[in-house]
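Visitor: The structure that follows is given in the form of C-alpha cells.
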Protein chains: 2
Amino acid sequence: MTAAGRFPVMEIFGPTVQGEGMVIGRKTMFVRTAGCDYACSWCDSAFTWDGTGKRDIRMLTAAEIVSELFRLGGESFSHVTLSGGNPALLARLDELIALLHDRGIEVALETQGSLWRDWFLAIDDLTLSPKPPSSGMNADWAVLDQLVAKLTELNRNYSLKVVVFDETDLAYAGEVHRRYPHASLYLQSGNDDLAERDPAVLLNRLLRRYEWLVQRVMDSTSLKSVRVLPQLHAWLWGNKRGV
Amino acid sequence: MTAAGRFPVMEIFGPTVQGEGMVIGRKTMFVRTAGCDYACSWCDSAFTWDGTGKRDIRMLTAAEIVSELFRLGGESFSHVTLSGGNPALLARLDELIALLHDRGIEVALETQGSLWRDWFLAIDDLTLSPKPPSSGMNADWAVLDQLVAKLTELNRNYSLKVVVFDETDLAYAGEVHRRYPHASLYLQSGNDDLAERDPAVLLNRLLRRYEWLVQRVMDSTSLKSVRVLPQLHAWLWGNKRGV
C-alpha cells in the first residue's frame, strides 16, 4: 500500500447522535479527517488544522478506518459521518465510502463547499456549509455555484448550512437563500464560547443564542423556507470532544 | 356554507419553529384542530379533547383559516403544520390543503395513524406517531400496516415518530423499527412533567430524559437507522402554549 492510499485521520468515535444539520438526531459514527483549506475564527474543531492536534493524526487506509469503526460501533450503527477539517481535501475518499456502502452503511459528508470531488456523488447526506463573514473567510461564490448546480442537476440529497453569530451573518444567510432558493437551507446558531468548561453555563448561553436566531428568522420575510437548529451535542455535552 | 365545510379549530399560531420530528427546526405556522380518537395519559395538548379547551374551539371554514394564517404570519412563512388532537378525524381537510398549496405553502401533518384519509396524499411532510404503551392506548397494527404500505407504495414523504418515556416504550419503538424497517423512524424523548411552570427546571429534566434516550439507543444493536430528537420548543419555552 502506497502513501496515496492513506488518509490523515484525527479521530474516530461513536456511535453518537448527529447534533446538527440535515441528519440531526441520526445515530452515527464520526470519522474526522485532519487538514483544512480554511481557518475559521470560531472553528470548533481547530485542532484539525491549527497544529495543536498534530500528534493525534494517524495515516490510515480505508480498510483500517472501517475496521476501527466496527471495533468501536460493533453491530449498532448504519451511518457514518465524514467531517473535518475539510474531508474534501482528500482526493480518494471514494475508497472508504465504497467499503462502507459494501457493508450497508450510509455515509454523510460535512464540507464547506470550497472544492468539488467526484466522490461527492456517492455521499448519501451531503452538507455544504459556506462560511459567513464572522468566520473571517471569503467563500468563493463561483465555486459554490458550480457545486450546487451539479448536485441539483444530479438530484443528490444535499443541503446548505450556514452558521450564524450576528446580524452580518444573518444577512449572508439571506444571500445564500436568495442565490439557491430551491436548496434546503439550515441555519445554525453559533457557539461563541469554545473555552467554557461548565456545560450548564454553556447551555444557558447556547439557548439564548438559539432563541435569538429563532426570533430573527421568525420576524424575517426573506428567510421563509428554512430550518433553524442548534447543536444538540453542545447542549448535552458542552465543549467536550469525541462525543 | 354548510356545517360540513367548517372545521373545529383550537388554535392558530406562528410563525415559530417546528420543535420536533421530521421537519424539526422548520419555520412553520400551526393549525391545531380539536378532537381526538385517543386520550394519551401524557398528551401535551389534552385541552384539544378533554373538555378543558372547549370554549376556545371555533368552527372555521378553510378560507377563514387561511385568512387568519396570513393575518398572523404575513409574508414570512411558506409552511403550515396541521396538528391536534387528531386532524385525521376531519374528512375534508383537503379543502384547506388545496388553498394553501395554491398560495405556494407546504403542509405538514401530525397524526397517530389510527385512520386513513385520501387527503394524506396531498401532505408534503407526513408524520405518523403510533402511541407506545405508556400512553395507555393500544395502537391498531393492522391499520398502521395499511397506512405505511399505502404511503410507501405511493412514494410519499412520511416518517414514523415514537415518543419514548421508559424501557417498555423503547421496546415498542424496536417493534415499530422491525415491522417497518424501511420507514424513517424518529424517537422522541417524552415530557413527563407537563405541570412544571419554570422553564429552567423543566429544561434540566428534559435534558436528562433526552440524554437517557440517546444513551439507550446508542447502546442498542436493534435500533440502528433511527433519529433521536428532543422537543426544541419545550427546551426553549417550557410548557407554554401557542409558541
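Visitor: Open to solvent by 20 Å² or more (accessible area, probe 1.4 Å) and either within 11 Å of another protein chain (Cβ to nearest Cβ) or under 20 Å from the mean Cα position of the chain (by Cα) (or both): is that true of residue A:184 in this structure?
Guide: For residue A:184, the condition - open to solvent by 20 Å² or more (accessible area, probe 1.4 Å) and either within 11 Å of another protein chain (Cβ to nearest Cβ) or under 20 Å from the mean Cα position of the chain (by Cα) (or both) - is met.
Visitor: Among the candidates B:77, B:30, which residue alone is within 27 Å of residue A:211 (Cα to Cα) and assigned to a loop (DSSP other than H, G, I, E, B)?
Guide: Of B:77, B:30, the one residue that is within 27 Å of residue A:211 (Cα to Cα) and assigned to a loop (DSSP other than H, G, I, E, B) is B:77.
Visitor: Same structure again: Considering A:176, A:228, A:163, A:214, which residue is under 18 Å from the mean Cα position of the chain (by Cα) and assigned to a helix (DSSP H, G or I)? Quick ask: steps written out before the conclusion?
Guide: Working: A:228 fails: assigned to a helix (DSSP H, G or I); A:163 fails: assigned to a helix (DSSP H, G or I); A:214 fails: under 18 Å from the mean Cα position of the chain (by Cα).
It is A:176.
Visitor: Do we find a residue being surrounded by fewer than 20 Cβ atoms within 10 Å (Cβ to Cβ) and of a type in the set (Gly, Ala, Ser) anywhere in the stretch A:105-117?
Guide: no
Visitor: Follow-up question, since we're still on this one. Can you say whether residue B:219 is surrounded by fewer than 16 Cβ atoms within 10 Å (Cβ to Cβ) and at the interface with chain A (Cβ under 10 Å from one of its Cβ atoms), as far as the supplied structure shows? Walk me through how you get there before you give the answer.
Guide: Working: surrounded by fewer than 16 Cβ atoms within 10 Å (Cβ to Cβ): yes; at the interface with chain A (Cβ under 10 Å from one of its Cβ atoms): yes.
Yes.
Visitor: Output the residue which, of all residues in the stretch B:49-74 that are open to solvent by less than 50 Å² (accessible area, probe 1.4 Å), more than 23 Å from residue B:22 (Cα to Cα) and assigned to a helix (DSSP H, G or I), is nearest to the other protein chains (Cβ to nearest Cβ).
Guide: My answer is B:70.
Visitor: Being in contact with a Gly (Cβ under 7 Å, 6 or more places away or on another chain) and not in a helix (DSSP H, G or I): is that true of residue A:85 here?
Guide: Criteria met by residue A:85.
Visitor: Restricting to the stretch A:232-243, what's the tally of residues that are in a loop (DSSP other than H, G, I, E, B) and within 12 Å of chain B (Cβ to nearest Cβ)?
Guide: Count: 2.
Visitor: I'd like to know if the stretch A:119-131 contains one or more residues that are open to solvent by 30 Å² or more (accessible area, probe 1.4 Å), under 30 Å from residue A:62 (Cβ atoms) and among the polar types (S, T, N, Q).
Guide: Within the stretch A:119-131, not a single residue is open to solvent by 30 Å² or more (accessible area, probe 1.4 Å), under 30 Å from residue A:62 (Cβ atoms) and among the polar types (S, T, N, Q).
Visitor: Another question about this same structure. For the stretch A:207-215, does any single residue satisfy the condition of being closer than 24 Å to residue A:109 by Cβ, in contact with a strand residue (DSSP E or B) (Cβ under 6 Å, 6 or more places away or on another chain), open to solvent by less than 10 Å² (accessible area, probe 1.4 Å) and at pLDDT 95 or above? Step through it out loud before you land on a result.
Guide: Of the stretch A:207-215, the ones closer than 24 Å to residue A:109 by Cβ are none.
Among the residues of the stretch A:207-215, not one is closer than 24 Å to residue A:109 by Cβ, in contact with a strand residue (DSSP E or B) (Cβ under 6 Å, 6 or more places away or on another chain), open to solvent by less than 10 Å² (accessible area, probe 1.4 Å) and at pLDDT 95 or above, which makes the answer no.
Visitor: Spot the failing condition for residue A:88; the list is (1) of a type in the set (Gly, Ala, Ser); (2) open to solvent by 10 Å² or more (accessible area, probe 1.4 Å); (3) more than 14 Å from every other protein chain (Cβ to nearest Cβ), and only one is missed.
Guide: (2)
Visitor: Being aliphatic (A, V, I, L, M), part of a helix (DSSP H, G or I) and under 20 Å from residue A:28 (Cβ atoms) is true for just one of A:96, A:109, A:121, A:151. Which residue is that?
Guide: Exactly one residue qualifies, and that residue is A:96.
The values are calculated or read from the model by the stated rules, or taken from the named source; none is laboratory data. Given the structure is predicted, the values throughout are model-derived calculations rather than measurements. When we count neighbours, we look across all protein chains shown, and the Cβ atoms used for this are built from the backbone with ideal geometry, even at glycine. Quick note on the areas: whole protein, heavy atoms, side chains included, nothing else; ligands and nucleic acids left out. Shrake-Rupley method; radii C 1.70, N 1.55, O 1.52, S 1.80 Å.
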